[in-house]
C-alpha cells in the first residue's frame, strides 16, 4: 500500500506541476571572456572590449533579448545575499563595471539592463574537482594511456576553439558551444573518467560525483528562484550545460528552450 501511495502522490505532484504555467529556461553555455584560468583547459580569448567584439556582443544581447527573459541567472555565488541578487549588477546600472572582461557583465548584465531588470541573480556553488587523484590512478594502471589521450583530445578542442576566433564572431562561437552534439561531447569526457578505478578505489567516480553534486546544487537554486510562468535565462560556463539542461528537462513544471534558437548566426 505504501508503494501505491507513493506512486499516486508522485503522479499528483507531476500533474499539479504540469497544470501551472511552465517555467521556460534557456541555458546559454559560454566561454569565459576574461581568461580567469579556472578550468582544466582554459581558452585564451580575444579582448572582448575591442570595438569589433563589442559590436558582436551587442548582437548577441539583442538576439537573446528576443527570448524576453523575466529573470537572468549567472555563474556567481550569492548564497549570502538577499534573494541571491547581485550588488555588482546594481553597481553596473550606476555606471560601474561596463569595462569588465567577463561574460557576466558583457552579456548577463548588459541584457538585464536592456530589458529593464532590477536584479540579476547568482546561483553558483563551490565544489571539489579531484582531478589529481584520477590522474595519479591512471599513471599506475594499464588504461592510463587512454586517460591521457582523452585529456589531450580536450586540449585539442580548446586550441581549435581558440583558432576559430580568427574568423568567427562572438555569436558564432557561442552557437558552436551550444550545439547539442558539442554539449554531449563535452560531458562525455567527465563520464570517461569512470574507467579510472578498481574495487573500493574509485577516483573517477569521486570526480563525477563531485561534478554532479555541484551542478545539482546550481540547479536547485535555479528551481528555487523561478516562479510559474517565468522565462529564465541562465548564463554559465559551457561545461555545465549538459547537467543543467538535464535538470531542467526532467524538472516537473519546467521546459527547456534551445539556446541556439536565440543566438546570432
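The values are calculated or read from the model by the stated rules, or taken from the named source; none is laboratory data. Not measured: the values here are computed from a predicted model. All Cβ positions, glycine included, derive from the backbone under ideal geometry; neighbour counts span all protein chains shown.
Is there a residue being on the phi > 0 side of the Ramachandran plot, under 22 Å from the mean Cα position of the chain (by Cα) and modelled with pLDDT under 85 anywhere in the range 43-59? Within the range 43-59, not a single residue is on the phi > 0 side of the Ramachandran plot, under 22 Å from the mean Cα position of the chain (by Cα) and modelled with pLDDT under 85.
Taking the range 230-246 as the range and being closer than 24 Å to residue 61 by Cβ and in a helix (DSSP H, G or I) as the test, the residues that pass are 238, 239, 240, 241, 244, 245.
Among the residues of the range 148-194, the one identified as more than 20 Å from residue 261 (Cβ to Cβ), touching a helix residue (DSSP H, G or I) at 6+ places or on another chain (Cβ under 8 Å) and not in a helix (DSSP H, G or I) is 165. Contact map, the range 200-229: residues that are at negative phi and outside any helix (DSSP H, G or I) paired with residues that are surrounded by fewer than 14 Cβ atoms within 10 Å (Cβ to Cβ) and at pLDDT below 95, Cβ distance under 6 Å, separation 6+ or inter-chain. Pairs shown: 228/20; 228/21.
For residue 40, the criteria (1) touching a helix residue (DSSP H, G or I) at 6+ places or on another chain (Cβ under 7 Å); (2) part of a helix (DSSP H, G or I); (3) at pLDDT below 95 hold in every case but one, which is (2).
Within the range 63-80, count every residue that is surrounded by 15 or more Cβ atoms within 10 Å (Cβ to Cβ) and more than 11 Å from residue 123 (Cα to Cα). Before the answer, list the steps.
Applying the first criterion (surrounded by 15 or more Cβ atoms within 10 Å (Cβ to Cβ)) to the range 63-80 yields 63-65, 67, 69-76, 78.
Next, only the ones that are more than 11 Å from residue 123 (Cα to Cα) stay: 63-65, 67, 69-71.
Looking only at that region, the number is 7.
Restricting attention to the range 110-147, the residues being surrounded by 14 or more Cβ atoms within 10 Å (Cβ to Cβ), in a loop (DSSP other than H, G, I, E, B) and in contact with a strand residue (DSSP E or B) (Cβ under 9 Å, 6 or more places away or on another chain) number 6.
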